[in-house]
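Any read-out appearing in this document is the output of simple, stated calculations on the displayed coordinates, not a laboratory observation. On a predicted model such as this, the values are computed, not experimentally measured, just so you know. Every residue, glycine among them, receives a Cβ derived from its backbone with ideal geometry; neighbour counts consider all protein chains shown.
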């Protein structure tokens, strides 16, 4: 079985052309990136608004939970019958699934911000916008990024499932392999999809380190009793 | 023909209704068995990690890594790992058990960490042995945090079972592949609605169980004082 897998990856035919690994990988990344950008444009402002003003929080959380329970395969097949075109329907489905985690992260981040800090910002004369961008957003950044990271994992996984309605990407190897019982191809697809998810996950961990202000990291570390190299 | 006429016709067939019910039954089994197995495994892993620091780091890394694996990929890799047939529903059970465990390890560890040392000292003082202390004191006090994780895992499992239809296992996902192949909205809509209702019902049951297991929470904040 392992040798079959090596043979599959060693075959140059699997590395070029429209169903080669590089092309499928780019497709998968493309769907993920496009849906992520659209979801960010929708979810981040909404989460910031609700978190900052505190209006509509309960409605937002329950709507988000309901969407989380949506079966991805059901959503994708439903949208495909509606739009009869795999890329459009999948991107819409991916956006629907990516919005709740980002929204939840943004909202939770702002909610978790210490009221005393926000009051202090107001006390020294910061306007609403200044409080939002200079205080609330930097402090809630770890939770916001955590939400985005969850959304990305969800997107990579669902884009693979969407191969069922004819979408390109790495899911093709999985499902086409299953259809002709070529287990080496199935495992190769599974391995590539998993690697993509892990690489993106690690990138987000690094992004978190790069973006979160040192003060916030130190404060979090102090609260959880861990030491951080200053 | 409007969608509702189509839906009415679909649901008026006794054959369809029997099929839907059996899919629903499969779905409940395929989503909840891994939930129970995952809770047990996560508690065992949490117990180990709570007592032994090296195990804790390994567990956290492993849980994070396993949770990253996309569902469809995990479903198809399981047969190669445990030697089951590729269309066997055991693959879905094992995969979802892995997800549930991975998701719950952190809440279990957090919850065990949050048990006030004074309570544990009191249990030790009245003569509780370690095993009894764990099951009678530490674990019950962890229930509120653990329950929050279990609710997330239950929703996630109920939603993910459907993906199993792509590798030929039962559950409500069959309605999606069926509707897709016949270009027929009714089974898909029925499947989505039943999945949502099932998630809601199981969530309510879990909240009920949590309340039963944590009577002190209802008695107000007089229970455990956090130092």
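Take the alpha-carbon positions of the stretch A:51-102, form their convex hull, and give its projected area averaged over all directions (one quarter of the hull surface) in nm².
4.0
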> Can you list, bin by bin at 10 Å, the percent of alpha carbon pairs in the stretch B:107-209, starting at 0?
Replying inline: 14, 29, 20, 17, 12, 6, 1
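Give me the compactness ratio for the stretch A:103-171, meaning the Cα radius of gyration over 2.2 N^0.38 Å.
1.65
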>> Considering the Cα positions of the protein assembly as shown, please state its Rg to one decimal place and its Dmax as a whole number of Å.
In response: 23.6, 74
> Hey, how much of the P(r) for chain B falls beyond 30 Å, as a percent of Cα pairs?
Replying inline: 37
> If you take the square roots of the eigenvalues of the alpha-carbon gyration tensor of the stretch A:100-225 and sort them as a ≥ b ≥ c, do you get rounded (a/c under 1.5), prolate (a/b over b/c) or oblate?
Replying inline: prolate
>> Based on the alpha-carbon set only, what is the convex hull volume of the stretch A:9-109 divided per residue, in Å³?
In response: 122
> Using only helices, what value at 222 nm comes out for chain B when you add -39,500 (n - 2.57) per DSSP H run of length 4 or more and divide by the total residues, to the nearest 500 deg cm²/dmol?
Replying inline: -26000 deg cm²/dmol
> Among rounded, prolate and oblate, which fits chain A when a ≥ b ≥ c are the square roots of the eigenvalues of its C-alpha gyration tensor, a/c under 1.5 means rounded, and a/b larger than b/c means prolate?
Replying inline: prolate
> 222 nm [θ] for chain A, helices only, -39500 (n - 2.57) per DSSP H run of 4+, per residue, to 500?
Replying inline: -25500 deg cm²/dmol
> When you count, for each residue, the other Cβ atoms within 10 Å and take the mean per peptide, how do B:25-33, B:199-207 rank with the highest first?
Replying inline: B:25-33, B:199-207
>> Over chain A, with a Gaussian network built from C-alpha contacts below 10 Å, which listed residue (A:56, A:47, A:189) shows the highest mean-square fluctuation?
In response: A:56
> What order, most packed first, do the peptides A:159-165, B:124-130, A:99-105, A:58-64 have when packing is the mean number of other Cβ atoms within 10 Å of each residue?
Replying inline: A:159-165, A:99-105, A:58-64, B:124-130
>> Suppose R0 equals 41 Å. What FRET efficiency, 1/(1 + (r/R0)^6) with r the Cβ-Cβ distance, do residue A:207 and residue B:126 give to the nearest 0.05?
In response: 0.25
>> Given contacts defined as C-alpha pairs under 8 Å and at least six residues apart, what's the relative contact order of chain A, whole-number percent?
In response: 24
> In what sequence, highest mean first, do A:136-146, A:87-97 appear when ranked by Cβ atoms within 10 angstrom?
Replying inline: A:87-97, A:136-146
> Once Rh for the stretch B:1-72 is found with the Kirkwood sum over Cα pairs, what is the Stokes-Einstein diffusion coefficient at 4 °C and 1.567 mPa s, in µm²/s?
Replying inline: 81
> What's the exposure ranking of B:183, B:6, going from fewest to most Cβ atoms within 10 Å?
Replying inline: B:183, B:6
>> With a 10 Å cut-off between alpha carbons and a GNM built on chain A, which of A:151, A:98, A:188 moves the most?
In response: A:188
> Residues of B:157-168, mean number of Cβ from any other protein chain within 10 Å of their own Cβ, rounded to a whole number?
Replying inline: 5
> Peptide A:193-200: average number of partner chain Cβ atoms within 10 Å per residue?
Replying inline: 4
> For the stretch B:46-150, what does the alpha-carbon gyration tensor say about shape, rounded, prolate or oblate, given a ≥ b ≥ c as the root eigenvalues, a/c under 1.5 as rounded, and a/b over b/c as prolate?
Replying inline: prolate
